[in-house]
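Shown next, in structure tokens, is the structure this report addresses.
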Protein chains: 2
Amino acid sequence: MASAAMQEEQVKLLGFWFSPFVRRVEWALKFKGIEYEYVEEDLTNKSSLLLTSNPVHKTVPVLLHNGNPIVESLVIIEYIDENWKQNPILPQDPHERAKARFWANFIEQKITEAARTALLTQGEQQEKVVKELKEAMEVLEGEAAAKLNDKTLFFGGKNGLGYVDIVLGWICNWAEVIEEVGGFKVLDPQKQPHIHKWMANFVEEPLIKPTLLPKEKMVVYFQMVRQAYLGLAAKK
Amino acid sequence: MASAAMQEEQVKLLGFWFSPFVRRVEWALKFKGIEYEYVEEDLTNKSSLLLTSNPVHKTVPVLLHNGNPIVESLVIIEYIDENWKQNPILPQDPHERAKARFWANFIEQKITEAARTALLTQGEQQEKVVKELKEAMEVLEGEAAAKLNDKTLFFGGKNGLGYVDIVLGWICNWAEVIEEVGGFKVLDPQKQPHIHKWMANFVEEPLIKPTLLPKEKMVVYFQMVRQAYLGLAAKK
């Protein structure tokens, strides 16, 4: 019975090589030790499986578990954590879970979204959002300073990586690229030394290291995306 | 032991009469049958308890459970549901939970936030966000049409109210007010008949009905807020 159930279990991830949101889901799956099939989407010609699985947003990542689609990276990570109990990603204590969700949302709304907007804008509009990003990084640095030390390297606590680490992780690979292409700073190692140290530890994790992308390839792609966006904005 | 534990249990909610985010938390507490102390905040002179409990956003709602602060309405509702097991708010099945979280996020980001922005802007800026709001309402109408019928009155399913209902609930009391003050439509009963019917059922729920605010008092307050915002924006 167990073997039949395992045979039936199908985990498929619709992704795009460049997406930090897809990468989070991959980290969560690897963290749990879940076997999955990765399917690269062509975002200029989306598959019907993607369009029917995520009809509202039509974006990756989509996790298909035995054919059931789950979308949005944070929702997918919670699903993975609830469905496969080994190696918990969120803390077990309800108050600690609430704090982890708070910081995950903070990173998502105030840092990830701000960095994305800053990359795709210029002039006054960019200045405004870069200022907000800087303020948010200062707030996160405060949390990192309070929580992290020589013994607690990650936000997940003593057990290592956790939810907040997985949600913030993109910064280790994408920030440098965004800075080069967008012409603004995401992270200031002088002003955010605790986040900087967290990054240095994060990229050395055996689970993370092999998943990092080469900067050069990313820069070329992001330059193309930025030019396309600014071109469209100029035509409006 | 049980009686001592219950005696020690302290649940306090820092709120503001007008906040739809606070109201959600009150609905969740009442839904669970949890006794709590409500503390009205003066938002022009915030208490030190509020400022120390929510140092990042400095906003209500804040739930204090035995002194531990939990902030952000969706995070608080998940906390309440995890901490008090009676009358589940989220579905038990992981895939159904993921779908409920997806729609809760959709309502929060595409409808609540759009309605708030539209209320506090004018001209072209308002037109743009009202258009986005309209599109989002159409998407939600599609979900309501697929899910709701004469037997399933609420998004929570056969067991009645659930997470999505609590997150969307503000629309029943605030939409009319926003429409009058902001001069735009949140809901079109002709185009969104299923949401309109859901609203009619929601406001008749015994748990909800006594918590609704009188429209006149709300209109006066929202007019003041809109004028203050537009005045500040004009000075920039």
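The values are calculated or read from the model by the stated rules, or taken from the named source; none is laboratory data. As the structure is a prediction and not an experimental result, all values here were calculated from the model. Neighbour counts are summed over all protein chains in view; Cβ atoms, including those assigned to glycine, are modelled from backbone coordinates with ideal geometry.
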Query raised in the report: Going through segment A:11-31 one residue at a time, which ones are of a type in the set (Lys, Arg) and surrounded by 20 or more Cβ atoms within 10 Å (Cβ to Cβ)?
Result: A:23, A:24
Query raised in the report: Got at least one residue in segment B:137-157 being within 14 Å of chain A (Cβ to nearest Cβ), within 23 Å of residue B:19 (Cα to Cα) and surrounded by 14 or more Cβ atoms within 10 Å (Cβ to Cβ)?
Result: yes
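From the list A:167, A:181, A:219, A:130, pick out the single residue that is surrounded by fewer than 19 Cβ atoms within 10 Å (Cβ to Cβ) and among the hydrophobic types (A, V, I, L, M, F, W, C). So that I can check it myself, show each step before the final result.
Values: A:167 fails: surrounded by fewer than 19 Cβ atoms within 10 Å (Cβ to Cβ); A:181 fails: surrounded by fewer than 19 Cβ atoms within 10 Å (Cβ to Cβ); A:130 fails: surrounded by fewer than 19 Cβ atoms within 10 Å (Cβ to Cβ).
A:219 is the lone residue from the list that is surrounded by fewer than 19 Cβ atoms within 10 Å (Cβ to Cβ) and among the hydrophobic types (A, V, I, L, M, F, W, C).
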Requested in this report: Could you tell me which of the residues A:110, A:151, A:131, A:147 is assigned by TED's automatic domain parsing to the domain that holds residue A:207, free of Cβ contacts under 8 Å to residues at least 40 places away in the same chain, in contact with a Phe, Trp or Tyr (Cβ under 8 Å, 6 or more places away or on another chain) and of a type outside the set (A, V, I, L, M, F, W, C)?
Outcome: A:147
Report task. Quick one: count up the residues across segment A:188-214 that are surrounded by 13 or more Cβ atoms within 10 Å (Cβ to Cβ) and of a type in the set (D, E, K, R). Result -> 4
Query - Considering residues of segment B:80-97 that are polar (S, T, N, Q) and within 11 Å of another protein chain (Cβ to nearest Cβ) only, the residue farthest from the chain's Cα centre (by Cα) - result: B:92
Query raised in the report: Of all the residues that make up segment B:19-60, how many are assigned to a loop (DSSP other than H, G, I, E, B), modelled with pLDDT of 95 or more and of a type outside the set (Asp, Glu)?
Result: 14
Query raised in the report: Listed residues B:56, B:71; which is surrounded by 13 or more Cβ atoms within 10 Å (Cβ to Cβ), within 19 Å of the chain's Cα centre (by Cα), over 23 Å from residue B:144 (Cα atoms) and outside the structural domain of residue B:116 (by TED's automatic domain parsing)?
Result: B:71
Requested in this report: Return only the number of the condition from (1) within 14 Å of residue A:21 (Cβ to Cβ); (2) more than 9 Å from chain B (Cβ to nearest Cβ) that residue A:74 does not satisfy.
Outcome: (2)
